[in-house]
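The values are calculated or read from the model by the stated rules, or taken from the named source; none is laboratory data. Worth saying up front: this structure is predicted, and the values here are computed from it rather than measured. Counting neighbours? That spans all protein chains shown, and the Cβs are built from the backbone with ideal geometry, glycine included. Ligands, DNA and RNA are stripped out before the accessible areas are found, and what is left, the full protein with its side chains, is counted by its heavy atoms. Shrake-Rupley method; radii C 1.70, N 1.55, O 1.52, S 1.80 Å.
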Amino acid sequence: METIKQQDSGAAVEDVQHRLSLIGLLDEARVDGSFGPETAAAVKAFRAQAELPEGEEVDEKTWAALVDASYSLGDRTLYLRMPYFHGHDVLQLQQALSALGFACGPVDGMFGAFTELALRKFQTNLGLPTDGIAGAYTYSAIRNLHHSWEGKEAVRGSSHLGFARAAGVLERHALCLFGTQEFTRSVASRMSNLALATNPASKIMSADSLLVAPDEQMLLVHIVLPEEQTGTTPRVVFEPEDVLPTRLESALRAARLSNPSRVAVELPGSTWEDAGVGRSAQHFAITLLDALCTALAKQEQ
């Protein structure tokens, strides 16, 4: 991007001023699209606040930091991905969850695996869909409890992750996840992103992210919809979710005896409850990845 500086004017300047106003560094009356001394002083103060080099101009790094700082809780849907979501809204979410007793690990404005786990525990406690996605219903629940967390100290709890994908299985087992339809490819890709977001050394990845063809040591996990045929490949039906890890464990043992090692997992469809396509894919990805890791961890015992 081009550096925004004094004497500039237009929509870009107005956007900068609006964000500076949101974070309390510029009077709203000064949001006029003209980069004058007051805007320069506000930019200088923001750069100091953000620990950026001293200056009065908005370069690429300053703009990125300003965007992060001007997000507020509820402005966007948050979930675990690579690269991590980061910004003031993530920080507010972490502060709320931690003050409510759901420890997120470091309250650092980064939506990592610990924040996802805390969010899922919060959702479970309130009877919300436990998908680890901070969307409209979750934000509404948090706002309804504002009197319980606003201005409160964050809970300093254990940062231990309570799911199997944090137990090292991600880097001890090589799995190639793939689908042959757009929706199942999306689920495979999301599972790969979740695995990498939890552990950068993960060997569980989607076919789309592999740089070379899978070798004989890699277990192939074919994600399918009910109408797809998989031949003699061991096939596990996704539902009921609570016993999915047990059924996967048996299928994985059977798959290891064949060459290539391959198992199919049948999703119930391309929608989950009344969620849209993206949210449904994210729910299936989280649930299936955790179930796979639980099954792999049991095999190691």
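Figures for the structure shown
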quantity	calculated
Residue in the stretch 70-83 that is free of Cβ contacts under 8 Å to residues at least 60 places away in the same chain, part of a helix (DSSP H, G or I) and within 30 Å of residue 14 (Cα to Cα) present	yes
Qualifying residue in the stretch 177-186 (condition: at pLDDT 90 or above, in a helix (DSSP H, G or I), among the basic types (Lys, Arg) and touching a helix residue (DSSP H, G or I) at 6+ places or on another chain (Cβ under 9 Å))	yes
Residues of the stretch 208-235 classified as under 26 Å from the mean Cα position of the chain (by Cα) and modelled with pLDDT of 90 or more, total	6
Test result for residue 90, surrounded by fewer than 22 Cβ atoms within 10 Å (Cβ to Cβ) and not small (Gly, Ala, Ser)	no
Residue match in the stretch 238-258 (condition: open to solvent by less than 50 Å² (accessible area, probe 1.4 Å), within 19 Å of residue 183 (Cα to Cα) and touching a residue at least 40 places away in the same chain (Cβ under 8 Å))	yes
Qualifying residue in the stretch 141-152 (condition: at pLDDT below 85, in contact with a helix residue (DSSP H, G or I) (Cβ under 7 Å, 6 or more places away or on another chain) and surrounded by fewer than 17 Cβ atoms within 10 Å (Cβ to Cβ))	yes
From 285, 281, 275, residue being open to solvent by 10 Å² or more (accessible area, probe 1.4 Å) and in contact (Cβ under 8 Å) with a residue 40 or more places away in the chain	275
Residues of the stretch 1-30 satisfying the condition of being without any contact (Cβ under 8 Å) to a residue 60 or more places away in the chain, touching an Asp or Glu at 6+ places or on another chain (Cβ under 6 Å) and assigned to a loop (DSSP other than H, G, I, E, B)	3, 5
Residue within the stretch 98-107 that is free of Cβ contacts under 8 Å to residues at least 24 places away in the same chain and open to solvent by 50 Å² or more (accessible area, probe 1.4 Å) present	no
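Conditions tested, residue by residue: (1) modelled with pLDDT of 90 or more; (2) part of a helix (DSSP H, G or I); (3) farther than 21 Å from residue 86 by Cβ.
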site	(1), (2), (3)
105	no, no, no
155	no, no, yes
170	no, yes, yes
197	no, yes, no
